[in-house]
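Report on the structure given below.
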Amino acid sequence: MSKCKLSNLLMAIPCAALMGGCAGADLKPVASFGASNVLSPSGYTQKKISDTEYQVGATGTEATPKARIEKIAIARAAQIGVEEKLKYYKVTNVQYGVACEKKTEFYKGGSTAPGSRQTVVVDVVYAKEPLDSGYVSAKESFENLNGELDNEIVPAEQKAAAEQEARTACGQST
């Protein structure tokens with residue numbers, strides 16, 4: 001056997017083992033901490049209302065539970081406080097929703113499946129000093145929430161429940 005064929009075979013064995021280890025694994029992604037954009041609608045958005053008020057939104061993937069989406073929005077709210085040197089913040093309102101997407105047919109054939117993503121919008125006020133007991137440290141909160149988001153593993157049954165909840169809200173069959 002030539003050296004080239006032997007090296008290809010030796011490289012293929014670990015790759016096959018890795019691929020086999022993924023068989024049956026839950027591969028549905030959940031939203032991560034990052035800004036949303038046109039190509040990737042999951043993530044956070046923000047809107048500055050005033051120097052001390054923001055509205056922060058977050059959208060999940062179909063399999064992202066509401067609690068994780070809310071955590072993403074609040075983590076971004078805390079990060080804004082750190083970036084703007086406003087040491088404390090308080091969430092004054094939380095609104096849950098669902099973004100529904102219709103099936104799209106292409107003129108040359110093919111289509112996209114209908115989609116549904118859970119959303120959350122939080123209203124946030126900031127201050128240089130805590131004005132009441134509802135204010136929390138932006139720096140400490142961001143560090144804690146960011147660590148939680150990085151290390152959180154969402155079980156398959158929670159992903160399935162989140163997907164079912166969003167589809168039901170959009171009137172989509174499962």
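Listed values, structure above:
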item	result
Single residue of 70, 148 found to be of a type in the set (D, E, K, R), at pLDDT 90 or above and farther than 18 Å from residue 45 by Cβ	148
Segment 72-91 residues that are in contact (Cβ under 8 Å) with a residue 12 or more places away in the chain and surrounded by fewer than 20 Cβ atoms within 10 Å (Cβ to Cβ), paired with ones that are in a helix (DSSP H, G or I) and of a type in the set (D, E, K, R) (beta carbon under 6 Å, 6 or more apart)	82/139
Search result, residues across segment 148-163 that are closer than 17 Å to residue 75 by Cα and either part of a helix (DSSP H, G or I) or in contact with a strand residue (DSSP E or B) (Cβ under 6 Å, 6 or more places away or on another chain) (or both)	148, 149, 150, 151
Extreme residue, surrounded by the fewest Cβ atoms within 10 Å (Cβ to Cβ), among residues of segment 111-129 that are modelled with pLDDT of 85 or more and not aliphatic (A, V, I, L, M)	129
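Let's see how each residue does on (1) under 22 Å from residue 27 (Cα atoms); (2) surrounded by 15 or more Cβ atoms within 10 Å (Cβ to Cβ); (3) in contact with a Ser or Thr (Cβ under 6 Å, 6 or more places away or on another chain); (4) in contact (Cβ under 8 Å) with a residue 40 or more places away in the chain:
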| residue | (1), (2), (3), (4) |
| --- | --- |
| 136 | no, yes, no, yes |
| 139 | no, no, no, yes |
| 163 | yes, yes, no, yes |
| 168 | yes, no, no, no |
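The values are calculated or read from the model by the stated rules, or taken from the named source; none is laboratory data. The structure displayed is predicted, hence computed values, not measured ones. Positions of Cβ are backbone-derived with ideal geometry, glycine not excepted, and every protein chain shown enters the neighbour counts.
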